[in-house]
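Asks: Input: one structure, supplied below.
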């Protein structure tokens with residue numbers, strides 16, 4: 001017999017049939033029916049194309065290290081639905097999900113659907129967002145760090161009318177069918193979370209996107225803080241931030257074990273030797289953004305207890321699965337959730353930096369709404385010549401591209417590159433691991449929806465297990481030596 005939690009998940013996921021519809025009227029009505037629990041929350045609101053989850057996780061970890069009860073709302077999750085809603089790193093309990101669903105939200109949602117018809121039927125994301133906001137209010141969190149789902153202006157999380165800080169991580173071309181075809185269009189949607197007089201922190205941006213964000217901040221009388229990162233130069237010292245940067249991180253050391261950075265930020269903050277467990281140059285920029293956010297909170301009197309110790313401890317304790325997560329040593333397996341061209345570009349750069357000289361076997365799975373040609377252009381030769389073989393799979397999602405279709409795209413782009421297919425991410429990783437061998441490396445990328453299965457397979461393989469269950473016979477396209 002299904003548990004009450006499993007029944008709640010079935011109910012919530014059943015709302016997927018109503019699609020994904022941007023707009024604030026439905027979530028506002030639902031929250032009003034619940035007593036507007038979100039109105040008393042103190043919120044850091046985080047939007048962006050890439051890095052918003054990492055930044056949110058870092059900010060929440062630092063605030064928690066400073067002694068504040070901190071809520072974190074993320075989308076999507078990697079391992080378990082309950083990851084989406086956590087307080088001080090503890091996921092919402094199964095019985096709480098069930099109680100909130102059947103005791104409060106489902107009755108309210110069904111009354112609204114009966115009253116307003118199709119226009120009143122909330123979507124899955126709107127329902128989960130309301131569930132999270134109600135949970136955080138009941139737990140009386142000191143702060144909520146809230147990640148936007150899609151866009152910003154019409155995202156369900158934008159019921160937050162008075163954020164303490166609005167944060168926009170790098171904007172790139174993704175979801176162009178929903179947010180617009182240009183960077184300026186997408187930046188305008190992200191900038192919809194900017195609210196009058198509340199400070200804004202922006203991560204590194206393309207000039208076209210930054211112009212839009214800066215204009216929105218000016219229009220709403222919001223001070224704008226810019227964050228970014230530099231690479232350390234021999235003999236360089238951590239001087240004052242650059243002319244345009246309010247918060248600046250300098251990379252001092254990077255390895256597969258983590259990174260070490262120095263930081264200058266608002267309020268005269270100067271910190272040396274901060275340990276960052278998340279890997280890649282893009283995570284240094286994300287750390288600069290997160291550190292700038294907490295410095296702004298302190299400078300504005302919202303979080304006076306954020307001191308040097310909290311910055312060091314919180315950053316070092318940040319956990320964010322599936323972001324250049326490394327398993328094993330020879331061959332190492334990298335599991336990454338990169339799923340759009342900017343994310344693929346960042347992943348390629350990190351692979352080149354941290355795994356130099358390794359021949360790569362790439363495991364790829366994509367959703368159909370992604371720009372597959374642009375994504376592949378960043379992760380395949382000639383852009384990433386270290387890739388010597390690709391194994392395609394289908395992530396566990398209704399919108400996933402079939403493995404055979406993705407393999408055909410790869411073959412058209414790189415006619416001489418060996419391409420194989422497997423019927424699941426786990427089976428694909430089994431095959432890729434056997435092909436890599438000592439001196440090689442495996443990288444899984446393309447969708448967050450395959451990360452958990454890939455993580456489990458990587459942990460098993462690097463602990464000594466092997467297996468190729470479910471793998472189709474090799475369908476190498478053209479000639480060319482694999483790794």
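The values are calculated or read from the model by the stated rules, or taken from the named source; none is laboratory data. Quick caveat, the model's predicted, so the values are computed rather than measured. Backbone-built Cβ (ideal geometry, glycine too); neighbour counts: all protein chains shown.
Asks: Looking only at region 277-302, which residues are more than 19 Å from residue 338 (Cα to Cα) and either at pLDDT below 95 or surrounded by fewer than 24 Cβ atoms within 10 Å (Cβ to Cβ) (or both)?
Replies: Passing the criteria: 298, 299, 300, 301, 302.
Asks: Look through region 30-50, keep the residues that are touching a strand residue (DSSP E or B) at 6+ places or on another chain (Cβ under 6 Å) and assigned to a loop (DSSP other than H, G, I, E, B), and return whichever of them is farthest from residue 287 (Cα to Cα).
Replies: 41
Asks: Picking from 331, 341, 304, which residue would you name as being out of contact with any strand residue (DSSP E or B) (no Cβ under 8 Å at 6 or more places or on another chain) and outside the structural domain of residue 229 (by TED's automatic domain parsing)?
Replies: Result of the check over 331, 341, 304: 341.
Asks: Could you check region 412-439 and list, in sequence order, the residues that are over 29 Å from the mean Cα position of the chain (by Cα) and either over 19 Å from residue 388 (Cα atoms) or assigned to a helix (DSSP H, G or I) (or both)?
Replies: Scanning region 412-439 gives 412, 434, 435.
Asks: Being within 16 Å of the chain's Cα centre (by Cα) and in a strand (DSSP E or B) is the filter here; which residues of region 335-366 pass it?
Replies: Answer for region 335-366, where residues must be within 16 Å of the chain's Cα centre (by Cα) and in a strand (DSSP E or B): just 335.
Asks: Return the only residue of 196, 138, 178, 111 being within 19 Å of residue 91 (Cα to Cα) and surrounded by fewer than 19 Cβ atoms within 10 Å (Cβ to Cβ).
Replies: Selected residue: 138, the only one of 196, 138, 178, 111 that is within 19 Å of residue 91 (Cα to Cα) and surrounded by fewer than 19 Cβ atoms within 10 Å (Cβ to Cβ).
Asks: What number of residues in region 328-342 are over 18 Å from residue 390 (Cα atoms) and crowded, with 20+ Cβ neighbours inside 10 Å?
Replies: 1
Asks: Please work out which one of (1) at pLDDT 95 or above; (2) in contact with a strand residue (DSSP E or B) (Cβ under 7 Å, 6 or more places away or on another chain); (3) more than 16 Å from residue 70 (Cβ to Cβ); (4) crowded, with 23+ Cβ neighbours inside 10 Å is the condition residue 271 fails and give its number.
Replies: (4)
Asks: Only one residue in 9, 22 is assigned to a loop (DSSP other than H, G, I, E, B), assigned by TED's automatic domain parsing to the domain that holds residue 282 and touching a residue at least 60 places away in the same chain (Cβ under 8 Å), so which one is that?
Replies: Answer to the selection: 22.
Asks: In addition: Starting from region 425-436, keep only residues that are without any contact (Cβ under 8 Å) to a residue 60 or more places away in the chain, then list their pairs with residues that are in a helix (DSSP H, G or I) whose Cβ atoms are within a distance under 8 Å, requiring at least 6 positions of separation or different chains.
Replies: Cβ pairs passing all conditions: 426/453; 426/454; 426/456; 426/457; 430/457; 430/461.
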